[in-house]
Amino acid sequence: MSDSIKNQLKIEAFKTYLPRLEDCLIQILNQQAVDVKSAIIGFDEGVYIFIENGNPIYVGRTNRMSKRLREHFRGSHYSAHFAFNIARENTKITGINRSKLLNDAVFKKAFDEAKERVAAMQLKYIPIKDDILQALFEIYAAIELKTTPKYNSFKTS
């Protein structure tokens, strides 16, 4: 098989996801928002949106939904990275690694406050079992809902 045919097949396979992304966005936006702390979720795999004052501010995905949502407001600096990013934005402290930041009293207080803020937010979520669709939809929704780059960052270290 020639390289051009292989490339065409890859493009065609990717294109099958495009209409599904828009369908998922419509589906999740049509969901009734619920309080983060009281959300009762009957599935593990999916994508969720944190909403504050009616505005989507963070999109995430997971294969362990209930546990992951709790981590956002109860977790450590590693698992509550959304709250960590809020605290970092509020304190304007940069250039220090996560562990050292938590030794800073000002940052620790801001992080605890950020977790309380996340716990007070609302949530929309949908089940998505397909790992590829889940990953693509997280990025697509973050772009469409304009949660990037403020809280959704797809940088790797």
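See the values below:
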read-out: MRE, 222 nm, helices only [DSSP H, n ≥ 4, -39500 (n - 2.57), over the chain, to nearest 500]; value: -15500 deg cm²/dmol
read-out: Average Cα contact separation per residue, the chain, under 8 Å, 6 or more apart, as relative contact order %; value: 34 percent
read-out: Members of LYS67/LYS124; LYS67/LYS115; LYS15/LYS155 lying beyond 19 Å, as alpha-carbon distances in this model show; value: LYS15/LYS155
read-out: Sparse-neighbourhood loop sites, trypsin sites (Lys or Arg not before Pro) in the range 50-111 - DSSP loop, at most 16 other Cβ within 10 angstrom; value: ARG64, LYS92
read-out: Footprinting exposure proxy for VAL118, VAL106 (fewest neighbouring C-beta atoms within 10 Å first); value: VAL106, VAL118
read-out: Reciprocal of mean inverse Cα separation for the range 30-157 (Kirkwood radius, Å); value: 15.0 Å
read-out: Cα centroid of the range 29-53 to Cα centroid of the range 100-157, whole Å; value: 13 Å
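Read-outs: derived from the displayed coordinates by stated rules, not from any lab. All values reported here derive from a predicted model rather than from experimental measurement. In this analysis, Cβ positions are derived from the backbone assuming ideal geometry, glycine residues included, and neighbour counts consider all displayed protein chains.
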